[in-house]
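Have a look at the structure below, then the notes.
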Amino acid sequence: MTTDTDPVLAEDPITGEEIELPADVEVGEIIDSPVTGTELEVISLDPVTLEEAPELEEDWGE
Amino acid sequence: MRIGILYSRIRRDEKLLLEELRDRDHEIEKIDVRKQRFGLESTTANVADLDIVVDRCLSTSRSLYATRFLDSYGVPVVNSPETGDVCADKAKNSLALAEADVPTPATEVAFTKEAAMEAIESFGYPCVLKPVVGSWGRLMAKIDTRSAAEAILEHKETLGHYEHKVFYVQEFVDKPGRDIRVVSVDGEPVAAMTRSSDHWLTNAAKGGTTEPFDLDDRALELVERASEAVGGGMLGVDLMEVGGEGSGEYTVHEVNHTVEFKALTEASDVDVPARVVDWLETKAEAFAADGDDSSGDTNVDDATDADEVVL
(Lines give C-alpha, C1' and ligand atoms only; values in the text may rest on other atoms or scores of the structure.)
Protein backbone atom coordinates (compact mmCIF):
# COMPACT_ATOMS: atom_id res chain seq x y z
CA MET A 1 0.00 0.00 0.00
CA THR A 2 1.27 3.47 -0.84
CA THR A 3 0.61 6.65 1.07
CA ASP A 4 0.69 10.33 0.15
CA THR A 5 4.14 10.62 1.64
CA ASP A 6 5.70 7.67 -0.13
CA PRO A 7 8.26 8.67 -2.74
CA VAL A 8 7.25 8.05 -6.33
CA LEU A 9 9.34 5.93 -8.66
CA ALA A 10 9.83 6.73 -12.34
CA GLU A 11 12.15 5.83 -15.16
CA ASP A 12 14.88 8.29 -16.05
CA PRO A 13 14.25 8.84 -19.79
CA ILE A 14 17.95 9.29 -20.51
CA THR A 15 19.55 6.46 -18.58
CA GLY A 16 16.59 4.12 -18.14
CA GLU A 17 17.35 3.86 -14.43
CA GLU A 18 14.59 4.00 -11.85
CA ILE A 19 14.68 7.25 -9.89
CA GLU A 20 12.85 8.46 -6.83
CA LEU A 21 10.66 11.57 -6.95
CA PRO A 22 8.99 13.47 -4.11
CA ALA A 23 5.54 12.19 -3.16
CA ASP A 24 3.91 15.51 -4.01
CA VAL A 25 5.35 15.73 -7.51
CA GLU A 26 3.29 17.83 -9.98
CA VAL A 27 2.68 17.63 -13.71
CA GLY A 28 4.92 20.29 -15.25
CA GLU A 29 7.41 20.15 -12.40
CA ILE A 30 11.09 20.11 -13.18
CA ILE A 31 13.24 17.48 -11.47
CA ASP A 32 17.00 17.26 -11.55
CA SER A 33 17.93 13.71 -12.48
CA PRO A 34 19.89 12.25 -9.56
CA VAL A 35 21.79 10.18 -12.11
CA THR A 36 22.91 12.73 -14.69
CA GLY A 37 21.81 16.07 -13.24
CA THR A 38 19.75 16.67 -16.38
CA GLU A 39 16.54 18.64 -15.93
CA LEU A 40 13.53 16.37 -16.41
CA GLU A 41 9.92 17.43 -16.77
CA VAL A 42 7.06 15.49 -15.22
CA ILE A 43 4.71 14.77 -18.12
CA SER A 44 2.07 12.68 -16.37
CA LEU A 45 1.34 11.23 -12.94
CA ASP A 46 -0.52 7.99 -13.59
CA PRO A 47 1.82 6.49 -14.44
CA VAL A 48 4.61 8.96 -13.68
CA THR A 49 6.49 9.68 -16.87
CA LEU A 50 9.40 11.99 -17.38
CA GLU A 51 10.92 13.70 -20.41
CA GLU A 52 14.04 15.75 -20.82
CA ALA A 53 12.98 19.33 -20.00
CA PRO A 54 13.09 22.00 -22.71
CA GLU A 55 16.33 23.94 -23.08
CA LEU A 56 16.52 27.40 -21.54
CA GLU A 57 15.26 30.02 -23.96
CA GLU A 58 16.26 33.63 -24.25
CA ASP A 59 12.99 35.13 -23.05
CA TRP A 60 12.73 32.98 -19.94
CA GLY A 61 12.92 34.66 -16.58
CA GLU A 62 11.08 37.09 -14.39
CA MET B 1 -12.54 30.04 -5.37
CA ARG B 2 -11.57 28.71 -8.79
CA ILE B 3 -8.10 29.96 -9.52
CA GLY B 4 -6.25 29.42 -12.79
CA ILE B 5 -2.50 29.33 -13.09
CA LEU B 6 -0.81 29.92 -16.43
CA TYR B 7 2.48 28.07 -16.62
CA SER B 8 4.85 26.14 -18.79
CA ARG B 9 7.17 24.94 -16.06
CA ILE B 10 6.44 24.33 -12.39
CA ARG B 11 9.34 25.82 -10.47
CA ARG B 12 9.68 25.84 -6.72
CA ASP B 13 7.85 29.20 -6.76
CA GLU B 14 4.78 27.74 -8.48
CA LYS B 15 4.85 24.72 -6.21
CA LEU B 16 4.79 26.93 -3.11
CA LEU B 17 1.86 28.82 -4.58
CA LEU B 18 -0.04 25.65 -5.45
CA GLU B 19 0.52 24.24 -1.96
CA GLU B 20 -0.87 27.38 -0.38
CA LEU B 21 -3.89 27.44 -2.70
CA ARG B 22 -4.65 23.78 -1.97
CA ASP B 23 -4.24 24.31 1.77
CA ARG B 24 -7.03 26.87 1.49
CA ASP B 25 -9.22 24.50 -0.52
CA HIS B 26 -9.24 26.59 -3.65
CA GLU B 27 -10.06 24.76 -6.85
CA ILE B 28 -7.07 25.03 -9.17
CA GLU B 29 -7.05 24.97 -12.95
CA LYS B 30 -3.48 24.43 -14.13
CA ILE B 31 -3.15 25.81 -17.64
CA ASP B 32 -0.05 24.68 -19.49
CA VAL B 33 0.13 27.36 -22.17
CA ARG B 34 2.16 25.09 -24.44
CA LYS B 35 -0.90 22.92 -24.95
CA GLN B 36 -3.45 25.65 -25.58
CA ARG B 37 -4.67 27.67 -28.52
CA PHE B 38 -5.88 31.22 -28.19
CA GLY B 39 -8.36 32.46 -30.77
CA LEU B 40 -9.89 35.87 -31.15
CA GLU B 41 -13.08 34.80 -29.42
CA SER B 42 -12.29 31.48 -27.80
CA THR B 43 -9.57 29.33 -26.33
CA THR B 44 -8.96 25.69 -25.67
CA ALA B 45 -7.95 26.61 -22.11
CA ASN B 46 -10.66 25.95 -19.55
CA VAL B 47 -10.97 29.47 -18.23
CA ALA B 48 -14.74 29.73 -17.90
CA ASP B 49 -15.90 30.52 -14.37
CA LEU B 50 -12.41 31.15 -13.05
CA ASP B 51 -12.43 33.79 -10.35
CA ILE B 52 -8.91 34.83 -11.24
CA VAL B 53 -5.97 33.61 -13.30
CA VAL B 54 -2.42 34.18 -12.15
CA ASP B 55 0.25 34.35 -14.83
CA ARG B 56 3.31 32.29 -13.90
CA CYS B 57 4.67 31.78 -17.40
CA LEU B 58 8.42 31.45 -17.45
CA SER B 59 8.54 32.63 -21.04
CA THR B 60 8.01 36.36 -21.43
CA SER B 61 6.51 36.08 -24.90
CA ARG B 62 3.99 33.46 -23.79
CA SER B 63 3.17 35.52 -20.71
CA LEU B 64 2.44 38.63 -22.74
CA TYR B 65 0.26 36.95 -25.35
CA ALA B 66 -1.61 34.57 -23.04
CA THR B 67 -2.56 37.34 -20.61
CA ARG B 68 -3.57 39.62 -23.48
CA PHE B 69 -5.91 36.96 -24.88
CA LEU B 70 -7.44 36.12 -21.50
CA ASP B 71 -7.96 39.79 -20.80
CA SER B 72 -9.72 40.18 -24.15
CA TYR B 73 -12.15 37.40 -23.19
CA GLY B 74 -12.98 39.23 -19.95
CA VAL B 75 -11.13 36.70 -17.78
CA PRO B 76 -9.64 38.34 -14.65
CA VAL B 77 -5.88 37.91 -14.94
CA VAL B 78 -2.93 39.09 -12.87
CA ASN B 79 -0.64 40.60 -13.68
CA SER B 80 -2.44 42.58 -16.31
CA PRO B 81 -1.12 42.47 -19.88
CA GLU B 82 -0.43 46.19 -19.60
CA THR B 83 1.83 45.67 -16.59
CA GLY B 84 3.54 42.80 -18.35
CA ASP B 85 4.13 44.87 -21.44
CA VAL B 86 5.92 47.58 -19.48
CA CYS B 87 7.91 45.27 -17.24
CA ALA B 88 9.01 42.84 -19.94
CA ASP B 89 10.93 45.49 -21.82
CA LYS B 90 13.72 47.31 -20.02
CA ALA B 91 13.36 50.42 -22.17
CA LYS B 92 9.64 50.72 -21.45
CA ASN B 93 10.36 49.93 -17.81
CA SER B 94 12.91 52.75 -17.56
CA LEU B 95 10.59 55.18 -19.32
CA ALA B 96 7.67 54.36 -17.01
CA LEU B 97 9.82 54.89 -13.92
CA ALA B 98 11.24 58.17 -15.25
CA GLU B 99 7.78 59.44 -16.23
CA ALA B 100 6.63 58.76 -12.66
CA ASP B 101 9.66 60.63 -11.27
CA VAL B 102 10.97 57.46 -9.66
CA PRO B 103 14.76 57.70 -9.49
CA THR B 104 16.21 55.26 -11.99
CA PRO B 105 19.66 54.93 -13.57
CA ALA B 106 20.37 57.21 -16.53
CA THR B 107 19.67 55.23 -19.69
CA GLU B 108 19.90 55.71 -23.44
CA VAL B 109 18.67 53.51 -26.28
CA ALA B 110 20.36 53.48 -29.68
CA PHE B 111 19.70 51.46 -32.81
CA THR B 112 23.10 51.22 -34.47
CA LYS B 113 26.46 50.31 -33.04
CA GLU B 114 27.80 53.75 -33.98
CA ALA B 115 25.06 55.51 -32.03
CA ALA B 116 25.44 53.01 -29.19
CA MET B 117 29.17 53.76 -29.06
CA GLU B 118 28.36 57.45 -28.74
CA ALA B 119 26.03 56.65 -25.84
CA ILE B 120 28.69 54.53 -24.17
CA GLU B 121 31.35 57.21 -24.58
CA SER B 122 29.01 59.84 -23.19
CA PHE B 123 28.40 57.73 -20.07
CA GLY B 124 32.11 56.96 -19.76
CA TYR B 125 33.62 53.77 -18.40
CA PRO B 126 32.44 51.62 -16.83
CA CYS B 127 28.89 51.59 -18.11
CA VAL B 128 26.38 48.83 -18.69
CA LEU B 129 24.84 47.31 -21.81
CA LYS B 130 21.72 45.19 -21.33
CA PRO B 131 19.34 43.32 -23.60
CA VAL B 132 15.91 44.97 -23.59
CA VAL B 133 14.29 41.59 -22.96
CA GLY B 134 15.96 39.14 -20.64
CA SER B 135 16.33 38.10 -17.07
CA TRP B 136 18.48 36.50 -14.42
CA GLY B 137 21.41 38.78 -15.33
CA ARG B 138 21.97 37.03 -18.64
CA LEU B 139 23.81 38.84 -21.46
CA MET B 140 24.48 41.85 -19.30
CA ALA B 141 27.78 43.54 -20.00
CA LYS B 142 29.75 45.88 -17.78
CA ILE B 143 31.90 47.75 -20.26
CA ASP B 144 35.26 48.95 -18.95
CA THR B 145 37.02 50.05 -22.12
CA ARG B 146 36.33 51.31 -25.62
CA SER B 147 37.82 48.19 -27.17
CA ALA B 148 35.49 46.00 -25.11
CA ALA B 149 32.56 48.15 -26.18
CA GLU B 150 33.48 47.78 -29.84
CA ALA B 151 33.71 44.02 -29.54
CA ILE B 152 30.43 43.59 -27.67
CA LEU B 153 28.51 45.87 -30.00
CA GLU B 154 29.82 44.06 -33.05
CA HIS B 155 28.92 40.70 -31.59
CA LYS B 156 25.41 41.87 -30.71
CA GLU B 157 24.86 43.40 -34.13
CA THR B 158 26.17 40.35 -35.97
CA LEU B 159 24.91 37.46 -33.88
CA GLY B 160 21.83 38.72 -32.12
CA HIS B 161 18.13 38.57 -32.57
CA TYR B 162 16.76 41.88 -33.81
CA GLU B 163 16.05 42.91 -30.23
CA HIS B 164 19.80 42.85 -29.59
CA LYS B 165 20.10 45.69 -32.08
CA VAL B 166 18.13 47.83 -29.66
CA PHE B 167 21.16 48.86 -27.62
CA TYR B 168 20.15 49.68 -24.06
CA VAL B 169 23.01 51.57 -22.46
CA GLN B 170 22.95 52.55 -18.82
CA GLU B 171 25.12 54.33 -16.33
CA PHE B 172 27.02 52.02 -14.01
CA VAL B 173 25.74 52.47 -10.47
CA ASP B 174 28.47 51.83 -7.92
CA LYS B 175 26.28 49.93 -5.49
CA PRO B 176 27.67 48.67 -2.17
CA GLY B 177 28.07 45.07 -3.28
CA ARG B 178 24.36 44.42 -3.01
CA ASP B 179 21.00 45.36 -4.37
CA ILE B 180 17.55 45.04 -2.87
CA ARG B 181 14.66 42.90 -4.12
CA VAL B 182 11.21 43.74 -2.87
CA VAL B 183 8.20 41.62 -3.69
CA SER B 184 5.14 43.80 -3.56
CA VAL B 185 1.43 43.45 -4.26
CA ASP B 186 -0.15 46.58 -5.69
CA GLY B 187 2.59 48.66 -4.11
CA GLU B 188 2.48 47.07 -0.67
CA PRO B 189 5.70 45.23 0.20
CA VAL B 190 5.38 41.56 1.08
CA ALA B 191 9.04 41.12 2.00
CA ALA B 192 12.45 42.40 1.01
CA MET B 193 15.96 41.05 0.85
CA THR B 194 19.41 42.12 -0.17
CA ARG B 195 21.32 40.18 -2.78
CA SER B 196 25.08 40.43 -2.27
CA SER B 197 28.01 39.33 -4.35
CA ASP B 198 31.62 40.23 -5.08
CA HIS B 199 30.55 40.20 -8.73
CA TRP B 200 28.90 43.31 -10.16
CA LEU B 201 25.84 41.19 -10.90
CA THR B 202 24.14 40.33 -7.63
CA ASN B 203 21.07 38.45 -8.91
CA ALA B 204 20.08 35.47 -6.80
CA ALA B 205 20.06 33.51 -10.09
CA LYS B 206 23.75 34.39 -10.43
CA GLY B 207 24.53 33.05 -6.98
CA GLY B 208 24.21 36.23 -4.96
CA THR B 209 23.72 35.60 -1.25
CA THR B 210 20.52 36.85 0.32
CA GLU B 211 19.65 38.49 3.63
CA PRO B 212 16.36 39.97 4.86
CA PHE B 213 16.14 43.73 4.55
CA ASP B 214 14.02 46.23 6.47
CA LEU B 215 12.61 48.87 4.18
CA ASP B 216 12.84 52.45 5.40
CA ASP B 217 10.23 55.10 4.61
CA ARG B 218 11.99 56.22 1.43
CA ALA B 219 12.22 52.67 0.10
CA LEU B 220 8.56 52.05 0.95
CA GLU B 221 7.59 55.18 -0.94
CA LEU B 222 9.65 54.21 -3.99
CA VAL B 223 8.24 50.68 -4.08
CA GLU B 224 4.71 52.07 -4.03
CA ARG B 225 5.47 54.61 -6.76
CA ALA B 226 7.37 52.13 -8.93
CA SER B 227 4.48 49.69 -8.70
CA GLU B 228 2.01 52.35 -9.68
CA ALA B 229 4.26 53.47 -12.55
CA VAL B 230 4.03 50.07 -14.23
CA GLY B 231 0.35 49.48 -13.54
CA GLY B 232 0.49 47.57 -10.25
CA GLY B 233 0.22 43.86 -9.56
CA MET B 234 2.50 41.31 -7.95
CA LEU B 235 5.94 42.63 -8.72
CA GLY B 236 9.62 42.29 -7.98
CA VAL B 237 10.95 45.79 -7.49
CA ASP B 238 14.75 46.05 -7.62
CA LEU B 239 16.53 48.93 -5.95
CA MET B 240 20.16 49.90 -5.52
CA GLU B 241 21.50 52.05 -2.72
CA VAL B 242 23.27 55.14 -3.97
CA GLY B 243 25.83 56.83 -1.76
CA GLY B 244 26.76 53.66 0.10
CA GLU B 245 25.16 51.00 2.25
CA GLY B 246 22.45 52.34 4.51
CA SER B 247 22.48 55.77 2.84
CA GLY B 248 18.71 55.80 2.62
CA GLU B 249 18.88 56.93 -1.00
CA TYR B 250 17.92 54.56 -3.77
CA THR B 251 17.56 54.17 -7.47
CA VAL B 252 15.04 51.72 -8.91
CA HIS B 253 16.62 49.86 -11.78
CA GLU B 254 13.92 47.36 -12.66
CA VAL B 255 10.43 46.10 -11.95
CA ASN B 256 9.71 42.43 -12.77
CA HIS B 257 6.21 41.18 -13.58
CA THR B 258 6.48 37.37 -13.17
CA VAL B 259 8.46 37.61 -9.99
CA GLU B 260 10.18 34.62 -8.43
CA PHE B 261 9.89 34.48 -4.64
CA LYS B 262 11.58 31.23 -3.69
CA ALA B 263 14.79 32.99 -2.61
CA LEU B 264 12.83 35.61 -0.69
CA THR B 265 10.82 32.92 1.08
CA GLU B 266 14.06 31.33 2.21
CA ALA B 267 15.72 34.64 3.15
CA SER B 268 12.90 36.20 5.14
CA ASP B 269 10.60 35.23 7.98
CA VAL B 270 7.59 36.18 5.89
CA ASP B 271 5.31 33.47 4.52
CA VAL B 272 5.47 34.90 1.02
CA PRO B 273 3.15 32.38 -0.69
CA ALA B 274 0.51 32.99 1.99
CA ARG B 275 0.72 36.74 1.47
CA VAL B 276 0.52 36.29 -2.28
CA VAL B 277 -2.59 34.11 -1.96
CA ASP B 278 -4.13 36.65 0.45
CA TRP B 279 -3.68 39.19 -2.30
CA LEU B 280 -5.05 36.90 -5.02
CA GLU B 281 -8.18 36.32 -2.95
CA THR B 282 -8.63 40.07 -2.50
CA LYS B 283 -8.10 40.69 -6.20
CA ALA B 284 -10.58 37.97 -7.16
CA GLU B 285 -13.18 39.50 -4.85
CA ALA B 286 -12.54 42.92 -6.39
CA PHE B 287 -12.88 41.54 -9.91
CA ALA B 288 -16.14 39.86 -8.90
CA ALA B 289 -17.46 43.08 -7.39
CA ASP B 290 -16.56 44.96 -10.56
CA GLY B 291 -18.28 42.26 -12.60
CA ASP B 292 -21.44 42.58 -10.50
CA ASP B 293 -21.39 46.33 -11.04
CA SER B 294 -21.23 45.88 -14.79
CA SER B 295 -22.99 42.53 -15.23
CA GLY B 296 -23.17 41.51 -18.84
CA ASP B 297 -19.91 43.21 -19.76
CA THR B 298 -17.86 40.03 -19.84
CA ASN B 299 -18.30 37.50 -22.59
CA VAL B 300 -17.48 34.42 -20.51
CA ASP B 301 -20.09 31.66 -20.87
CA ASP B 302 -20.70 28.84 -18.47
CA ALA B 303 -18.89 26.24 -20.57
CA THR B 304 -17.04 23.83 -18.33
CA ASP B 305 -16.18 20.67 -20.16
CA ALA B 306 -15.85 21.61 -23.79
CA ASP B 307 -12.72 20.93 -25.76
CA GLU B 308 -12.83 24.52 -26.85
CA VAL B 309 -14.28 26.99 -24.43
CA VAL B 310 -16.38 29.52 -26.30
CA LEU B 311 -16.16 32.86 -24.65
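The values are calculated or read from the model by the stated rules, or taken from the named source; none is laboratory data. Keep in mind it's a predicted model, so treat the numbers as computed, not measured. For neighbour counting, all protein chains shown are included, and Cβ atoms are generated from backbone atoms with ideal geometry for every residue, glycine included.
Observations on the model:
- Of B:GLU171, B:GLU157, all but one fail to be surrounded by fewer than 19 Cβ atoms within 10 Å (Cβ to Cβ), farther than 28 Å from B:ARG225 by Cα and touching a helix residue (DSSP H, G or I) at 6+ places or on another chain (Cβ under 7 Å); the exception is B:GLU157.
- Among the candidates B:ARG225, B:ARG181, the residue that is within 21 Å of the chain's Cα centre (by Cα), assigned to a strand (DSSP E or B), of a type in the set (D, E, K, R) and under 20 Å from B:THR258 (Cα atoms) is uniquely B:ARG181.
- The residues listed here are B:LYS113, B:LYS156; of these, the one that is over 17 Å from the mean Cα position of the chain (by Cα) and within 14 Å of chain A (Cβ to nearest Cβ) is B:LYS156.
- Residues located in segment B:1-18, provided they are touching a helix residue (DSSP H, G or I) at 6+ places or on another chain (Cβ under 8 Å), outside any loop (DSSP other than H, G, I, E, B) and at the interface with chain A (Cβ under 8 Å from one of its Cβ atoms): B:TYR7, B:ILE10
- Of all residues in segment A:31-60 being farther than 30 Å from B:TYR162 by Cβ and hydrophobic (A, V, I, L, M, F, W, C), the one that is farthest from the other protein chains (Cβ to nearest Cβ): A:VAL35
- Top-ranked residue in segment B:228-249 [being within 14 Å of another protein chain (Cβ to nearest Cβ) and either of a type in the set (Asp, Glu) or part of a loop (DSSP other than H, G, I, E, B) (or both); ranked as nearest to B:PHE172 (Cα to Cα)]: B:ASP238
- Residue in segment B:156-170 that is among the aromatic types (Phe, Trp, Tyr), farther than 21 Å from B:LEU264 by Cβ and either in a strand (DSSP E or B) or at pLDDT 95 or above (or both) present: yes
- Qualifying residues in segment B:255-281 (those that are within 14 Å of another protein chain (Cβ to nearest Cβ) and surrounded by fewer than 23 Cβ atoms within 10 Å (Cβ to Cβ)) - the one nearest to B:GLU27 (Cα to Cα): B:LYS262
- Tabulated pairs, segment B:52-81, first within 13 Å of chain A (Cβ to nearest Cβ), second part of a helix (DSSP H, G or I) and of a type in the set (Ser, Thr, Tyr), C-beta under 9 angstrom, 6+ apart or interchain: B:ASP55/B:SER63; B:ASP55/B:THR67; B:ARG56/B:SER63; B:CYS57/B:SER63; B:CYS57/B:THR67; B:ASN79/B:SER63; B:ASN79/B:THR67
- Considering B:SER197, B:SER135, B:SER147, B:SER184, the condition of being exposed (fewer than 15 other Cβ atoms within 10 Å of the Cβ) and among the polar types (S, T, N, Q) is satisfied by B:SER147 alone.
- Taking segment B:184-202 as the range and being in a strand (DSSP E or B) and out of contact with any helix residue (DSSP H, G or I) (no Cβ under 9 Å at 6 or more places or on another chain) as the test, only B:SER196 passes.
- Residue that is farthest from B:ASP55 (Cα to Cα), among those in segment B:19-31 that are more than 11 Å from chain A (Cβ to nearest Cβ) and part of a helix (DSSP H, G or I): B:ASP23
For (1) at pLDDT 95 or above; (2) outside the structural domain of B:GLU221 (by TED's automatic domain parsing); (3) outside any helix (DSSP H, G or I), each residue gets a yes or a no:
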position	(1), (2), (3)
B:LEU95	yes, yes, no
B:ASP101	yes, yes, yes
B:ILE120	yes, yes, no
B:VAL128	yes, yes, yes
B:ARG138	no, yes, yes
